[in-house]
Amino acid sequence: MSIMEKKESFTCPHCKEKLPFRMLLIVKNDHTFKCPLCGEALVPHKTKSFTWGYIIGFLSFALPQQIVFYLHQDNGLAFLIGILHAVTAIGLVSLYFYFNTKFSKAIVLSFTPILLVVFGRLLIHTIDFM
């Protein structure tokens, strides 16, 4: 990949395919996950966790709901206004993450060679002592 090559947002660097929108729920900063299309390991670059979406969604539900309930004393209307604000906020945060998250190839380390070396040395030392 050249320096000037532009990375597509929410695209697998292995198979160059767009990832499904539902993958937003498992993307966390510095955590690897497998591409559902090709099975290769991916890691996001400097992304916020979708936890921010839940926090913003909760606040956008609770605050308007409390204001409407205080002004109108109507539970149904307050709940409806709160749900509409929460769905809108979570949707907008999801779109922001989807259009601004970029991925790179993850380096997957296997512990098998390390364990073989460690246990091999232990086995050699135990044989030497016998």
Through the Karplus equation 6.51 cos²θ - 1.76 cosθ + 1.60, θ set to phi - 60°, convert the phi angles of the range 90-99 into ³J(HN,Hα) values in whole Hz; use x for Gly and Pro. 5, x, 5, 5, 4, 4, 4, 5, 5, 8
Fewest-first ranking of 98, 70, using other Cβ atoms within 10 Å as the exposure measure: 70, 98
Mind listing the long-range amide H neighbours of residue 106? Cut-off is under 5 Å, sequence gap 5 or more, other chains count too, H placed in the peptide plane at 1.01 Å from N. 41, 42, 43
Nonlocal amide H pairs with residue 101, under 5 Å, H built at 1.01 Å: 10
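Bear in mind these aren't lab numbers, they're just calculated from the coordinates by the rules spelled out. All figures in this text were calculated on a predicted structure; none of them were measured in a lab. In this analysis, Cβ positions are derived from the backbone assuming ideal geometry, glycine residues included, and neighbour counts consider all displayed protein chains.
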